[in-house]
Structure formats: structure tokens, C-alpha cells
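Readers should treat all values here as calculations from the given coordinates under stated rules, not as data from a laboratory. Since this is a predicted model, take the numbers as computed values, not measurements. Every residue, glycine among them, receives a Cβ derived from its backbone with ideal geometry; neighbour counts consider all protein chains shown.
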Ligand SMILES: Nc1ncnc2c1ncn2[C@@H]1O[C@H](COP(=O)(O)OP(=O)(O)OP(=O)(O)O)[C@@H](O)[C@H]1O
């Protein structure tokens, strides 16, 4: 059974059509990247998958379950990484994990999860005193507290230094090795190459590509010379959909 199936998803906010027609299938156990320009509809899509938003139309299945029909079941199966700024600065690391653990019937052990994300030593530190990388790793811990089968990470490494990014990448590897399927919204093509088995590219609310990073390169080569980097291939793919707009040199 696929972990996540999104088909013909559509979602508007008032007059703004955030998602027009998005579809993809995520296989169990893979790290699936979601790419696209600012405002393309990536966060709206994953919020629908996590059951945080109700789609206007289209269908979503998470491990075979429709989040609209069984929101509680899906919320138990999906760990959604909270935007880090949402926590009060005086809340201690261990308290934050205990607080989130209280929402689940059988949460993971606080010490175990802090050990996994490398924050065992920071258990008594207030959230506001953590570095950006530590805050991100805490947000990952909070997403995993309920032992989800699917984890959704939205711009996990934005603003982190190279060492912090690598720590988070290693952590994503370990979470995948633990059998969790991961949806990863990102703007970084090096991150995609490092972590993702397959990606969906969303542009102006529509899926314009689904496949492996290698297929993304091949597709945008289109007979011409293969793009030098995955980022070149991605820019070329999106540029092709923008007639009348020229890339700046
Ligand atoms: N709650 C909301 N109310 C009104 N408009 C919204 C809301 N959430 C998103 N939008 C709009 O929907 C569109 C898609 O937003 P979304 O956040 O899904 O894009 P994104 O691809 O995640 O962008 P980014 O890469 O900048 O995070 C944008 O035009 C955005 O302004």
C-alpha cells in the first residue's frame, strides 16, 4: 500500500487558488521531496496531507485513510513538524516533549527521542536559548513524539549553517532507517540530491513533475546537453512553463 496518495487536490483561500491540481503517490519508506517556487502551494498541500487543512476537492489517502473522514486516525499516523517560532521561549526542551507526548496514547520516551535528535544534554534548557539548529532538531523531535508512520518536514534546514544542515540530514537518514516515510518540503537542490528518493515539483498550484532526481535531470536535458546540476535542471523545468518570462543572466 502506498504511504500517501494525493489526487487532483484543489484548495483555495477566498479568492486565492493556492492549489489547483496536485497529484502524487509516495511509496512507504521513501523520502519524498516537494519542490516549487515561493507560493506554489507546497505547504498548503502538505497541510492537507497532515489533516491540518480540509481540501476543497480531490482526494487524499494516508496509509489508506482519508484525513477528512478520520482526522484523528491520520493525526496519529502523521507527524507534522511545527514551525519552530510557535513555542514559548521559556518552555524547556524536556517540558516541550512531555507536553506533546500528552496528546498521544503511547508516546515515545522523552529521553529516547531527545537522544535521537542530539538534545539529551539540553533537556533543561529553555527553548529561547537554543541555537537555530537545536530549535529545528527539537521541532523534529516533537513531530516524532507520537511514533508516526509518516513525517512531514517543511523547510527543515532553512537558515541553518552547513554543520547544522548536515546534523539534520543525518537525523533524516536515521528516521528513514527507522521505517518512517518522509515528506520533505525544500528549496534546496543539494538537500534533494542528498536525501530524496523521488520528488514532486509544484508550480502555480499544479504538479509539473514527479520522479527521481536523476529523471528530473534527464527530462530537462530534452535532447540538449544534460544540465550541469540538479538545480540547473530544476530552473530549466520551471523556466519552460513561463513563456514570456526570460531568465536573468
Ligand atoms: N491561510 C491562507 N490565507 C490566504 N492565502 C493563503 C493562506 N495560506 C496560503 N495562502 C496563499 O496560497 C498560495 C500558496 O501558499 P503556500 O504557502 O502553500 O505556498 P508554498 O509553495 O508553501 O510557498 P513558500 O515556498 O513561499 O513557503 C500563496 O499565494 C499564499 O499566499
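Key figures for this structure:
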item: Extension gain, residue 173 back to residue 235 (0.36 nm per residue minus Cα-Cα distance, nm); result: 19.7 nm
item: Inter-site label distance for residue 68 and residue 102 at 7 Å from Cα along Cβ, in nm; result: 3.4
item: Kirkwood-type radius of the chain, with distances r between different C-alpha atoms, in Å; result: 18.8
item: Mean Cα-pair separation over length for region 2-211, i.e. relative contact order, pairs under 8 Å, 6 or more apart, %; result: 31
item: Ranked 24, 13, criterion: other C-beta atoms within 10 Å, fewest first; result: 13, 24
item: Order of 103, 153 - criterion: other Cβ atoms within 10 Å of each residue's Cβ, fewest first; result: 103, 153
item: Ranking of 11, 129, 225 by count of other Cβ atoms within 10 Å, fewest first; result: 225, 129, 11
item: Mean separation of Cα contacts under 8 Å, 6 or more apart, over the residue count of region 121-190: relative contact order %; result: 37
item: Rounded to 10°, Cα long-axis angle of helix 132-144 versus longest principal axis of the chain; result: 80
item: Region 2-211 - share of DSSP beta bridges that are antiparallel (%, nearest 5); result: 55
item: Computed helical MRE - 222 nm, the chain, DSSP H runs ≥ 4 contributing -39500 (n - 2.57), nearest 500; result: -10000 deg cm²/dmol
item: Extended-chain gain in nm, criterion 0.36 nm per residue less alpha-carbon gap, residue 91 and residue 57; result: 8.4 nm
item: Separation between Cα centres of region 1-51 and region 85-117, rounded to whole Å; result: 27
item: Average Cα contact separation per residue, region 1-49, under 8 Å, 6 or more apart, as relative contact order %; result: 37
item: Alpha-carbon radius of gyration plus Dmax, which is the widest Cα pair, for region 152-231 in Å; result: 13.8, 41
item: Stokes-Einstein D for region 71-133, Kirkwood Rh over Cα pairs, 10 °C, 1.306 mPa s (µm²/s); result: 125
